[in-house]
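Input: a single structure, listed below in structure tokens.
The values are calculated or read from the model by the stated rules, or taken from the named source; none is laboratory data. Source: prediction; values computed, not measured. Methodologically, a virtual Cβ is constructed for each residue, glycine included, from the backbone with ideal geometry; neighbour enumeration extends over all protein chains shown.
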Amino acid sequence: MWLDVAGVLMKRYAAMNTRLLAAATLLAATTFTAHAQGPAPATPESLVAAAKRAAGVDYAGTFLRICVAPDNLGGGGGGGGGRGAAPAARVVPDRATWYARPYKVFDNLYFIGTKIHSSWALTTSDGIIVIDTLFDYAIEPEIVEGLKTLGLDPRAIKYVLISHAHGDHDQGAALLQSRFGAKVVMGAADWDSTLQRPASAPGGVPKRDIAVGPEGLKLTLGDTTMDIIASPGHTPGTLSYFFPVKDGSRTLTVAYSGGTAFNFPRQAANFAIYRDSQRKMREVAEAAGATILMTNHTEFDRAYDRVRLAQLPRAAGEKHPYESDSATVLRYFEMGRDCAEAQRLSIK
Ligand SMILES: [Zn+2]
């Protein structure tokens with residue numbers, strides 16, 4: 001009886017093996033054929049089409065900005081202060097055009113940015129990490145006063161993370177460092193350009209604290225660890241982040257992209273650097289299972305709207321307005337990768 005059963009099983013196993021072998025042979029032949037024919041070479045047009053598919057409706061505005069009409073298409077460095085340039089002195093725009101109220105968005109993440117630029121307070125068991133610091137005119141009303149309005153103490157700021165050294169993200173660094181003793185974290189290459197600014201630059205010049213090199217950095221404060229990724233491209237020292245946010249009983253992972261626009265000098269090598277950073281971000285985002293995509297301009301992640309939607313009550317099981325899924329997050333970086341490669345190939 002048992003021998004019969006064993007015999008039948010063995011026959012089945014042998015038959016299964018034969019089928020698997022046949023399937024493997026067929027697959028190998030197919031792979032070989034496909035390889036022999038070779039994939040169609042990527043062209044700027046095919047890459048823009050691929051980027052458009054990756055963008056979908058989620059990132060249509062970002063796609064327009066970097067794939068359809070990149071800022072540096074007219075040649076030269078474009079806006080944003082350029083590489084290493086000190087930001088020009090600014091007149092303070094009408095407050096009604098930029099001021100935004102602060103809001104709690106996740107259990108451990110608070111929006112303290114303007115209508116245009118994001119700044120976030122990530123709270124931990126041992127103090128606050130501020131992510132990006134806006135233009136100088138917005139530091140007091142948005143970050144310092146914003147934290148107080150939310151019941152948070154600005155003196156608890158331990159780290160200030162600068163995604164890149166352009167004035168719209170870094171002018172608050174020096175004040176938060178000097179007034180509250182926060183440590184400023186920036187990419188090594190962006191420290192180099194920042195420290196060349198005159199003392200009279202808007203917002204002042206922070207003292208060099210923590211410089212992040214190409215290897216990145218794991219930054220731990222209390223119960224929270226952030227994965228800081230060197231993602232050069234927008235500037236040579238651009239940093240991007242992965243960090244956990246709490247939504248009730250759930251912990252979700254944010255992928256925060258630290259630089260977007262193509263306003264660097266229009267050279268093939270710069271687009272290759274940008275492309276490779278997007279590839280790296282895609283890889284890390286996939287491994288981390290990130291389901292939230294954030295950027296530092298509200299136009300790229302609809303922060304202004306999402307922050308407000310997050311204030312509404314939700315039905316049981318309804319997702320947080322910032323939450324998407326892993327594939328949607330990965331598509332953001334696929335779009336950036338393909339837009340950069342399309343521009344690189346179009347440079348002759
Ligand atoms: Zn910038």
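Take the conditions touching a Ser or Thr at 6+ places or on another chain (Cβ under 8 Å) and either of a type outside the set (A, V, I, L, M, F, W, C) or assigned to a loop (DSSP other than H, G, I, E, B) (or both) and apply them to Lys246. Does it pass? Criteria not met by Lys246.
Any residue at all in segment 206-224 that is at pLDDT 95 or above and hydroxyl-bearing (Ser, Thr, Tyr)? Quick ask: steps written out before the conclusion?
Kept after step one, since they are at pLDDT 95 or above, are these residues of segment 206-224: 206-224.
Checking the rest, the ones that are also hydroxyl-bearing (Ser, Thr, Tyr) come to 220, 224.
Yes, segment 206-224 contains a residue that is at pLDDT 95 or above and hydroxyl-bearing (Ser, Thr, Tyr).
For the condition modelled with pLDDT under 90 and either in contact with a Phe, Trp or Tyr (Cβ under 7 Å, 6 or more places away or on another chain) or surrounded by fewer than 24 Cβ atoms within 10 Å (Cβ to Cβ) (or both), Asn72 qualifies.
Summed over segment 50-72, residues that are without any contact (Cβ under 8 Å) to a residue 24 or more places away in the chain and farther than 18 Å from Ser346 by Cβ total 3. Taking the criterion of being within 16 Å of the ligand (Cβ to nearest atom), hydrophobic (A, V, I, L, M, F, W, C) and not in a helix (DSSP H, G or I), the residues of segment 180-219 that qualify are Met186, Ala201.
For Gly222, the conditions (1) surrounded by 17 or more Cβ atoms within 10 Å (Cβ to Cβ); (2) away from the ligand (no atom under 15 Å from the Cβ); (3) at positive phi all hold with the exception of (1). Restricting attention to segment 90-104 and to residues that are farther than 17 Å from Asp168 by Cβ and surrounded by 11 or more Cβ atoms within 10 Å (Cβ to Cβ), the residue that is farthest from the chain's Cα centre (by Cα) turns out to be Arg101. Can you find even one residue in segment 283-294 that is closer than 29 Å to Ile112 by Cβ and within 16 Å of the ligand (Cβ to nearest atom)? Yes, that holds for at least one residue. On inspection, Thr235 qualifies as of a type in the set (Val, Ile, Thr), within 16 Å of the ligand (Cβ to nearest atom) and in contact with a Lys or Arg (Cβ under 8 Å, 6 or more places away or on another chain). Of the residues in segment 248-256, none is small (Gly, Ala, Ser) and within 16 Å of the ligand (Cβ to nearest atom). Take Ser163 and decide whether it is in a helix (DSSP H, G or I), buried (at least 18 other Cβ atoms within 10 Å of the Cβ), within 16 Å of the ligand (Cβ to nearest atom) and under 24 Å from the mean Cα position of the chain (by Cα). It is false that Ser163 is in a helix (DSSP H, G or I), buried (at least 18 other Cβ atoms within 10 Å of the Cβ), within 16 Å of the ligand (Cβ to nearest atom) and under 24 Å from the mean Cα position of the chain (by Cα). Filter segment 136-160 for residues that are closer than 12 Å to Ser119 by Cβ and within 16 Å of the ligand (Cβ to nearest atom) and give the result. Scanning segment 136-160 gives a single hit, Ala138. Count of segment 282-338 residues, restricted to those that are over 20 Å from Pro70 (Cβ atoms), of a type in the set (A, V, I, L, M, F, W, C), in contact (Cβ under 8 Å) with a residue 40 or more places away in the chain and in a helix (DSSP H, G or I), is 7. Which of the residues spanning segment 98-141 are among the basic types (Lys, Arg) and in a strand (DSSP E or B)? Listed by number, the list holds a single entry, Lys104. No other residue among Ala310, Ala316, Ala261, Ala285 is closer than 30 Å to Tyr110 by Cβ, buried (at least 18 other Cβ atoms within 10 Å of the Cβ) and modelled with pLDDT under 95 apart from Ala261. The condition of being over 30 Å from Pro102 (Cα atoms) and away from the ligand (no atom under 16 Å from the Cβ) holds for only one of Asp276, Asp305, that being Asp276. Of Gly248, Gly203, which residue is at positive phi and surrounded by fewer than 19 Cβ atoms within 10 Å (Cβ to Cβ)? Of the residues listed, the single one that is at positive phi and surrounded by fewer than 19 Cβ atoms within 10 Å (Cβ to Cβ) is Gly248. Can you name the residue in segment 166-179 that is among the charged types (D, E, K, R) and either in contact with a Ser or Thr (Cβ under 7 Å, 6 or more places away or on another chain) or within 15 Å of the ligand (Cβ to nearest atom) (or both) and is also nearest to Lys218 (Cα to Cα) among such residues? Across segment 166-179, the extreme among qualifying residues is Asp170.
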